[in-house]
Structure formats: C-alpha cells, structure tokens
Amino acid sequence: MKNWLAIALICTSLVSAGLQAQNAASTSDTTKKRIALKNTIQQTSELFRLEDPNVDNLHAWRYTILQSALPIKHKLAYYQNYNLAANDFYFGLNNDFSVGVGYALPYFAYVNPKFSFALNKVPRRYGHAIAVSNMSIIGFFTGLDHRTWANNMQLLYTLGNDYRNLTVGLGSASSSELDGASLITSLGGLWAVNSDFYISGELWVNSRTRDVKGIYLPFVQDLNGNWIEGTNVSIARKLNRKTLFTAIQFRLLGQKNRANAWSFGVSSYWESGDVVEENYVGAGGADKVFTVGPKNRFIFIPSFTYTRCLNANR
C-alpha cells in the first residue's frame, strides 16, 4: 500500500511540474509576442515623428487637392490657389468640422464639408484620425439642357501627425457623365524633411462606365450604281473608362510668416478605356471609320499651389 501511495505521489508531482513548465512556456511566448507588437508600434511611431519641431505646421490638413483626415483647427481660415485656376476658402467651424467653398476656371464651383476626429492622437508623434468628406461640384455656363454636376464622398483614414503622415481614402463618385456611381480611391502623404521643407504627394484612381451616343450616315448604291444616302445609324454604348490623377510637390513654409506655404511640383492626368469604332461606306463609296467616345489622353503639367492661413495670429 505504501509503495502504491509513493508511486501516486511521484506521478502527481511529475504532472504538476509538467503543467507548470507548460504554463511558463505559454506565458513566455505571450510575453514575447506582446514585446514584439510593442516594438512594432514604437518603430511605427518613430517613422512618423519629427524630432523637436520648433514651430507648428498649419498646413497638414491638405496635400495638393486631397485632404487628410486631420482636422482644420477651430476658427482657422485658409485661402488656397492651385495653378491660378482653382481658388477656394476653408474654415474650421470647430475642432471636428470644417467646410470649404471654391471656384475653378472656367466654370466649376464646389462646396466641401468635412467631419473628422482623432483616435489616440499623440501631438508631435503619431496617431490615427478618420474623416468623412463630401465634395459637390456644379458647372455653370453649360446651358440648362446640359447642366454638369459631380459628387464625391470619401471616407479618409490618416496615420501620422502634422509633420509626417499617410492618408488612404475610399469613396463613391457620381456625376452627370456617369452611369450610376463608381468607386474612387485616393492616397496621400506628407513628409517633413525639416520644419520648413516638406514633400507632399497624392493620387486618385477611378473606374467607371460612361454612356456614349452618336449617329453616322452611311451611303448605299441604287439600281443605277449611284451612291445615295442611306439610313442614319445610331450608336449607344456603355464604355468602360479609367482615370488616374497624380501630384507631387515640394512645400516651403515662410520662415518669417509661417501662415504662408508655397508648393511646386508636377501633376498628371491619365484617361483610358473603350472607344467605339465602326467601319462604314461614305459618299462616293469611300471606306470610313466612325469613332465616338472620349479619347485616351495623358496630360503632364507643372503645378503650383499657394496656401495662406488668414488668421494664424488670431
């Protein structure tokens, strides 16, 4: 009996020791994972940190055209000019809500409200912010029978701070030239080389379906072999189109008056997709090609942006 009792005690001791070792190993693995995650977060924070900036950056809320999710501070007002063609004003109505109005030559006006709020944002280091932005555009001087309009609503997420940040946007675009709504994605970034010199960039990608209509007049031969006008042929197609807008700029802040920011760079616009082409017989029996739809194009232009905080010293 004593022998069996001794064996039972030995087995119990071995099982207990094994469980303790397993728990210790599991606790050790969990601790290592937590340390690894903490190090990753710390490395990310270091990536988006500017060492001891001497002055605030008043222009972190916007790249070239795209806004970040960072809010415009309460009661601040801004004026911005892009390539002399687009002029707008933005106002921070409170620390979460701002609104902008503008006019783009030759005939587009727009309004752009934005609601944003920060998540565990640490000033001058890093954090997260999300925002909902909606830009409504209307065209003037285009005739009542063809009033152009567009609307772009986006959900924005920004990682970083006022000096170094990255923004991802996902939204829905609709307009008078689109067949329903289409998905639009955007990406923007700001990088402080130092407290006076920044690099900003952005891109927009859009895939959509566009209704295209057209009419051409073919010719046919009569019984005498003469070429005469036939019946009009109508074309109505849905064309798949893609656009890409990019911009990269170097931004300089005024050393004496940091309310001013001058940005110089380049912008590009790409459009490609389906085009309708049909062969038909023209006057005199000549072979012709009827083409309808927007052309594929690539535009590459220098870009300039001037931004001023109108009441920075309020």
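The values are calculated or read from the model by the stated rules, or taken from the named source; none is laboratory data. Note that the structure is predicted; figures quoted are calculated from it, not measured. Glycine gets a Cβ as well: all are built from the backbone with ideal geometry, and neighbour counts include every protein chain shown. Ligands, DNA and RNA are stripped out before the accessible areas are found, and what is left, the full protein with its side chains, is counted by its heavy atoms. Shrake-Rupley method; radii C 1.70, N 1.55, O 1.52, S 1.80 Å.
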Order by protection proxy (mean Cβ within 10 Å, highest first), peptides 97-104, 221-228: 97-104, 221-228
Inter-label distance for F304 and F89, nm, one decimal - labels placed 7 Å from Cα along Cα-to-Cβ: 2.3 nm
Rg over Rh, two decimals, the range 167-287 (C-alpha only, Kirkwood Rh): 1.31
Accessible surface of the range 236-314 [probe 1.4 Å, protein heavy atoms]: carbon and sulfur percent: 56 percent
Part-to-part distance (alpha-carbon centres) for the range 93-118 and the range 150-199, which is given in Å: 14 Å
Extension gain from Y280 to D196, taking 0.36 nm per residue of separation minus the Cα-Cα distance: 24.0 nm
Per residue accessible area of the range 59-113, 1.4 Å probe, in Å²: 40 Å²
Debye-sum result for the range 58-122 in log10 I(q)/I(0), which assumes one identical scatterer on each alpha carbon, at q = 0.30 Å⁻¹: -1.43
Virtual paramagnetic centre 7 Å along Cα→Cβ of L217, amide N under 19 Å, in the range 280-296: 280-292
Packing-based ranking, highest mean first, of 207-218, 261-272 given that Cβ atoms within 10 Å are counted: 261-272, 207-218
With DNA, RNA and ligands ignored, accessible area of I301 (1.4 Å probe; Å², nearest 10): 70 Å²
Rounded accessible area of S172 (nearest 10 Å², 1.4 Å probe): 50 Å²
Gyration tensor (alpha-carbon) shape descriptor, the range 226-274, a/c threshold 1.5: prolate
Rounded accessible area of Y78 (nearest 10 Å², 1.4 Å probe): 10 Å²
